[in-house]
Amino acid sequence: MNIALILSGGTGSRLGGDIPKQYIEVGGKPIIAYCLETFQAHPDIDAVRVVAAGDWHELIGQWAGSKLQGFSLPGQTRQLSVWNGLQDIRREAAGQIARRQGEADVASDDVVVLIHDAARPLVSGETISACLEGCVAHDGVMPALPVKDTVYYGTDGRIESLLERSRVIAGQAPEAFLLEPYYEANRVLLPEEILRINGSTEPAILAGLDVQYIAGDERNFKITTQADLERFREIVKDR
């Protein structure tokens, strides 16, 4: 069972405006609709769950499609939003397994969760497929791009050391994980350590899980700034 967890609880404050960036309309539909449609259309995605504040559930429901499993509430941080979604996905999976097999209330080991940002509208079906394929042999998979610029360590305005650029990568999404080991990797960070997590792959790395990275996609960028938004608008217009 493969379940997409779409994170749409952010406020998009860096863009300004009256509404979060993922709900800004581009090309006649909200930005979140683009990734929802891609996951909905993918033949190997069984369900979609969205982390979003209640005020946006009705709008999201108009675009989520028949695979929508339900909603989870945003947390204090991005990773706590992920945690809320994981708990709901695990309960839903356990219920389905119990109904099918009459077994105990535990989720199946073969459930894969794909964590994706609503503000990454141009994720491709090929990237989703590659993530799922990677989870056959690994605990987790993350698309990544090579870093083009020279990268340094620096403190208080002073360059301290040079990083080996050939080994530095920039992570993208979706970040895909086997549900059970990833759930446990997050659980052990509660209640305080999880507040320091910035990226969804961090708990997996801290737990020593086997995480592979695959080739990312330049078009799968995250809309963070006004320039990103304008870039996306141009792409949609050119279509």
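Each value in this text was obtained by applying a stated rule to the coordinates, not by laboratory testing. Computed from a prediction, not measured in an experiment: that's the story for all the values here. Every residue, glycine among them, receives a Cβ derived from its backbone with ideal geometry; neighbour counts consider all protein chains shown.
A few comments on the model shown:
- Consider region 159-198 and keep the residues that are touching a residue at least 60 places away in the same chain (Cβ under 8 Å) and in contact with a strand residue (DSSP E or B) (Cβ under 9 Å, 6 or more places away or on another chain). The one that is surrounded by the fewest Cβ atoms within 10 Å (Cβ to Cβ) is Y183.
- Residues that are among the basic types (K, R), farther than 19 Å from I89 by Cα and within 17 Å of the chain's Cα centre (by Cα) within region 1-57 comprise just one, K21.
- Residue that is nearest to C131 (Cα to Cα) [pool: residues in region 181-239 that are outside any helix (DSSP H, G or I) and among the β-branched types (V, I, T)]: I214
- Taking region 141-159 as the range and being under 24 Å from N220 (Cβ atoms) and assigned to a strand (DSSP E or B) as the test, the residues that pass are V141, M142, P143, A144, L145, P146.
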